[in-house]
Each structure stands twice: as structure tokens, then as C-alpha cells.
């Protein structure tokens, strides 16, 4: 159950990444995602870019893990990595520009990603150390 909760929190925290550029241009990642879903049927080639496609696939994989009885470790890792690429890039942009709104919008995802991976590794270690009957 803790795996599912962590995966839900990862999905939610990824949606609140924040970007600013130019004069008064700002957007949250959930707004970008809504635009992507509207464009995917009109112009699918506009969506096929690694910076767009990998996080979207990561998010879909994390959603798939929510429907599993025991969320798969490998799927969780792939989902965190897919979304983590975008969130780490946004974090880097926040650091370079010293934009604290951008920087702080990514910290919840990065912290949850760390704890999710740590939890999955501990869970795997417990399973491998169980005695065979």
C-alpha cells in the first residue's frame, strides 16, 4: 500500500512543476500536459520529442502501477526516471537562474522520488533475505 501512495504522490507532485520565461510567461506542468493531450490527436508529431515524450511515458507507467496489486519495482523505477528527467532539468533551470519559484516547485518530486527509490530498494532487500522453505 505504501508503494501505491508514494506513486500517487509522485504523479501529483510532478504536475506542480513550474516554469517561467520571458516577460510574464509562466505555466505549471499540468497546464502543459492539458495542452499536450489536446494536441496529441491533432498533431501527434508535435508531441514526439524526448523532453515531452519520456516524462509522459513515465507518468503513464506510474499510473499503470496504481492498478497493480503490488506495484512493480521496475515499472516504478522507469516511471520515476521518465518524470525525473524533466523535473531534474526544471530544477537545474531554477538553480541556474536563481528562480526560487521554479526551484521549489521541483523539490517535492525530487524528495519523493528519492524516498520511493529507497523504499523499493529496501523492499527488494527484505524479499531477497527471506529464508526459503
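FYI, it's all coordinate maths here, none of it is from the lab. Predicted model only: the values in this text are computed from it and were never measured. Note that we place each Cβ from the backbone using ideal geometry, even for glycine, and neighbour counts take in every protein chain shown.
Run a plain Debye calculation on the chain (Cα atoms as equal point scatterers, no solvent) and give log10 I(q)/I(0) at q = 0.10, 0.13, 0.16, 0.19 Å⁻¹, rounded to two decimals, same order as the q list.
-0.37, -0.59, -0.83, -1.08
Order of 70-82, 88-100 by packing, highest average Cβ count within 10 Å first?
Highest to lowest by the protection proxy: 70-82, 88-100.
Helix 50-65 sits at what angle to the longest principal axis of the chain, using alpha carbons and giving 0 to 90 degrees rounded to 10?
40 degrees
Once the Cα atoms of helix 73-97 and of the chain are each reduced to a long axis, what angle between those two axes, in degrees from 0 to 90 to the nearest 10, is obtained?
40 degrees
If one takes the longest principal axis of the Cα atoms in the chain, at what angle in degrees, from 0 to 90 and to the nearest 10, does the Cα axis of helix 100-128 lie?
Rounded to the nearest ten degrees, it is 20.
Looking at the square roots a ≥ b ≥ c of the eigenvalues of the Cα gyration tensor of segment 1-53, which shape do they give, rounded for a/c under 1.5, prolate if a/b is larger than b/c, or oblate?
It is oblate, given that a/c is not under 1.5 and a/b is not larger than b/c.
So if I take the alpha carbon set of segment 76-133, get Rg, then get Rh from the Kirkwood formula, what is the Rg over Rh ratio?
Here the Rg-to-Rh quotient is 1.22.
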